[in-house]
Amino acid sequence: MDLPERVKTAREQGLVGCTRCTRPSPAGTPHCPRCGSRLQSRDAMSLQKVWAWWLVGLGCYIPANLYPMLETRTLVGTQSDTIVGGAVDLARHGNWGVAMIILVASVLIPVGKFVVLAGLAIGVRHGPQISEAWRHRLYEVVEYIGRWSMIDVFVVAILSALVQLQALATITPGRASLFFALSVIFTMLSAQSFDSRLIWDSAKGARPARNPKERIA
Amino acid sequence: MHHAPDDLDNLIVCPTCDLVYRAPAVAARERAYCARCHTVLIAPRRKAGKQLIALALTVLILIAAATVFPFLAIGAGGVRHEASVLDTAFAFSGLLSVLAVAVLLFIVIIPALRLILLIYVLAPIIRDRPPAPRAKAAFRLSEALVPWSMAEIFALGCAVALVKLSDLAEVFFGPAAWLFAALVVIVVASDRLMCRYSIWTSLKE
């Protein structure tokens, strides 16, 4: 692609770029003339929104782990499983593969999302400890993976709809499924609120001195 | 530093990192990336519009059929039970019935609405007609719905449920299971076909 002599950001050129259709407009233009989206050079509220959704998301993720995700009724009795409890149970029955998959998908990835989002927001405010390219990569992963966490809720729904074998076995969704779904939705909103252009703004400015207390991600 | 208004139409700003480029001429099947953050900026395909409409129509039909036909059935001890997407949504009851609404929204209503909007926007473009009324708002909404359209995630959820149940009971594929498999492939294919820059530039009157 033909790069101009010295590539500059839209903000440095007194322009504001549309994040939907990529058209630049003079700074201060309220709406993009090409696609009609609202224009903002940087979303000034970005970090506040990220933190607000992040907190609500975390608030929902805690009960999602305390309440049972599934209730299984069989001839032998009733069993309530939390996310971690269910995985531990599977591992005890020798089903290590599935247990690991559940632990990675329902525990490691959601916790990782919270850590990365917090790290990105802290990095913008207090000076990043890792390169722009890496932070951008982390952000892309979190944005991409976010919606896939909903798979847990769908699996609960499928199992509950399917396993309705009268006295033999029935599965019903537990309260945790609602909290888990809400947690996924709120973390998606948190990731969407993050203005990725903020990551690159620090590229030009001087980097603050390293401070071990502000290590991120 | 200062650009004339029609000059601005030939510039492109990376939506992810804010760098400004002169929009390059990109041949079909080529891609223009941002040099700094590697976001794909322009990725035109020949006849992409027609193919996108065809794929969107296919997915619409698949979603409609997959909603009502059972996708999995299980049997154990002479009892057999099958489930469709509608059964799945209504597995949540009482306090959890909000989730029934959410499941229907994420896997049926939002994906379908998004595809209908996309067809509405693209149909006049591929016939070289002026854009449909409020086409810009329609495409904006369709784009905003992308992350919330989760039909393909549900399809993979079926595979996970299948693995979880396989040593508990006998599991059978219903007719909709094959529709789901096709759906995942088509959703990925249409994602690769879509060049948002090309669509936006053809929508400006």
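We did not get these values from a lab; they are worked out from the coordinates using the rules stated. Given the structure is predicted, the values throughout are model-derived calculations rather than measurements. Counting neighbours? That spans all protein chains shown, and the Cβs are built from the backbone with ideal geometry, glycine included.
For residue B:126, what charge total do you get from the other residues with a beta carbon under 10 Å from its beta carbon, if Lys and Arg give +1 and Asp and Glu give -1? Around residue B:126, the charge tally is +3. Relative contact order of the range A:67-214: 34 percent, from C-alpha pairs under 8 Å at least 6 residues apart in sequence.
Here the contact order of chain B, divided by its residue count and restricted to Cα pairs under 8 Å and six or more residues apart, works out to 25 percent. Under the criterion of Cα pairs below 8 Å and six or more residues apart, the relative contact order for the range B:1-118 equals 14 percent.
Which of the GluC sites (Glu not before Pro) found in the range A:1-71 are loop residues per DSSP with 15 or fewer other Cβ atoms within 10 Å of their Cβ? Loop-located and lightly packed - A:5, A:12. By its C-alpha gyration tensor, with a ≥ b ≥ c as the square roots of the eigenvalues, how is the range A:135-209 shaped: rounded for a/c under 1.5, else prolate for a/b larger than b/c, else oblate? It is prolate, given that a/c is not under 1.5 and a/b is the larger ratio. Evaluated with a Cβ-only charge set (Lys, Arg +1; Asp, Glu -1), the range A:1-41 carries a dipole of roughly 200 debye about its Cα centre, given to the nearest 20.
When +1 charges are put on Lys and Arg Cβ atoms and -1 charges on Asp and Glu Cβ atoms, the dipole computed for chain A relative to its Cα centre reaches about 740 debye. Any of B:50/B:136; A:113/B:136; B:50/B:204 with alpha carbons more than 21 Å apart? Name them for me. Cα-Cα > 21 Å for A:113/B:136; rest within.
Here chain B is treated with +1 on each Lys and Arg Cβ and -1 on each Asp and Glu Cβ, and its dipole about the Cα centre works out to around 620 debye.
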